[in-house]
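The values are calculated or read from the model by the stated rules, or taken from the named source; none is laboratory data. Only a predicted model underlies this, so the values are computations on that prediction, with no experimental measurement involved. Glycine also receives a Cβ, built like all others from the backbone with ideal geometry; neighbour counts cover every protein chain displayed. Note: accessible area is taken over every heavy atom of the protein model, side chains too, but ligands, DNA and RNA are not part of it. Shrake-Rupley method; radii C 1.70, N 1.55, O 1.52, S 1.80 Å.
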Amino acid sequence: MIAKALTIAGSDSGGGAGIQADLKTFQERHVFGMSAITAVTAQNTLGVQGVYPLSIEGIQQQIDSIATDLYPDAVKTGMLFSSEITKAVADKMKHYGFKNIVVDPVMIAKGGSPLLQEEAVEQVKASLLPIASVITPNLPEAEVLTGMKINDLNDRKEAAKVLHSLGVASVVIKGGHGEEQYKIVDLLFNGRDFIEIDHQRLETKHTHGTGCTFAACVTAELAKGRSIEKAVETASEFVHYAIKHTLEIGGGHGPTNHWAFRSYDQKVIRS
Ligand SMILES: Nc1ncnc2c1ncn2[C@@H]1O[C@H](COP(=O)(O)OP(=O)(O)O)[C@@H](O)[C@H]1O
Ligand SMILES: Cc1ncc(COP(=O)(O)O)c(N)n1
């Protein structure tokens, strides 16, 4: 059985984030990847030079085309840009009964450009979280979604519980933006237990697309039937190696290396 994953997200012309990062990650995890593009961004490692949202009809039609022929085993949402797009995507996912929905609540690109209009945040909470299997906010995104200030691990646990109360089955609070000097903690709350996944903090600015890659790997693992715990553990490892073996391209925040996990004969999860 070929596992199939769908990403509903923005296009990053620079290839490091968005549907480009997602499709590369799906492929690396032996999952057939498909994409419904929500917006086109003119973007590179220096920042976002332009954002061009697609029409609602165009987004809906892409999802129709996929759902009626290549029904996905898991779906990831990334950049959704506006409240209208968020609502249209959520309605289509409900209509088709998509399962294993991973919501990466993309708000701001690494260079600081907004990828989600402020008034869309409430729409994400109202229409996406109740149908999501997992949400994967970074620390700033978790603060915006919960209205909390997150300073320490206890705050992260509280924020995870608040997000869970909004209807999402599992919550991953990613730790890249944390203050810890030497390690990074990705925190998973599965509705019952907290699982902390620690990694060494790597000294690098080349972290463009890390969040997209993380959520895409979770999506690919869920598409193959892995548990949420196993999927998050694999994703955390996958991104760690993708950053560790950086490609050193571009003049700004460089992209991650999506083939690192496969190429460096990892001692960890391999399938
Ligand atoms: N400097 C770093 N060293 C090691 N891992 C990192 C680093 N920055 C981010 N990560 C990892 O990349 C993933 C994305 O984390 P984060 O940066 O918090 O999200 P986002 O990319 O959405 O802002 C997480 O698994 C996190 O542990
Ligand atoms: C089209 C698109 N989607 C998402 C991101 C977030 O990227 P990052 O993972 O670096 O925050 C991006 N920069 N561009």
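Distance between the C-alpha centers of region 195-210 and region 95-168? Whole Å please.
Rounded to whole Å, the Cα centres lie 19 Å apart.
Please state the shape class of the chain: rounded when a/c is under 1.5, otherwise prolate if a/b exceeds b/c and oblate if not, all from the C-alpha gyration tensor.
Because its axes are fairly even, with a/c under 1.5, the chain counts as rounded.
On the accessible surface of the chain, probed at 1.4 Å, how many percent belong to carbon and sulfur atoms?
52 percent
Going by the alpha-carbon gyration tensor, a ≥ b ≥ c the square roots of its eigenvalues, is region 139-271 rounded (a/c under 1.5) or, if a/c is not under 1.5, prolate (a/b greater than b/c) versus oblate?
Oblate.
With a ≥ b ≥ c the root eigenvalues of the C-alpha gyration tensor of region 77-172, is it rounded (a/c under 1.5), prolate (a/b larger than b/c) or oblate?
Since a/c reaches 1.5 but b/c is at least a/b, the shape of region 77-172 is classed as oblate.
Where a Cα-Cα gap under 14 Å defines reach, which aspartates and glutamates qualify for Lys76, not counting those fewer than 8 residues away within the same chain?
List returned: Asp22, Asp104, Glu221.
Kindly provide the helix-only [θ] at 222 nm of the chain, computed as the sum of -39,500 (n - 2.57) over DSSP H runs of four or more divided by all residues, to the nearest 500 deg cm²/dmol?
-10500 deg cm²/dmol
Could you compute the longest span of the chain free of GluC sites (Glu not before Pro) located in DSSP loops and having at most 16 other Cβ atoms within 10 Å, not counting the site residues?
1-178
Give, as a single signed number, the net charge of other residues whose beta carbon lies under 11 Å from the beta carbon of Lys174, with Lys and Arg counted +1 and Asp and Glu -1.
Around Lys174, the charge tally is -2.
Would you mind telling me which residue in Leu145, Leu187, Leu153 has the biggest mean-square fluctuation in a Gaussian network model of the chain, where springs connect alpha carbons within a distance under 10 angstrom?
Between Leu145, Leu187, Leu153, it is Leu153 that shows the largest mean-square fluctuation.
Say the cut-off is 27 Å between C-alpha atoms; which of Lys24/Lys205; Lys183/Lys224; Lys4/Lys205; Lys174/Lys230 go over it?
The answer is Lys183/Lys224; Lys4/Lys205.
Leaving out ligands and nucleic acids, note down the accessible area per residue over region 180-244 with a 1.4 angstrom probe, in whole Å².
The answer is 39 Å² per residue.
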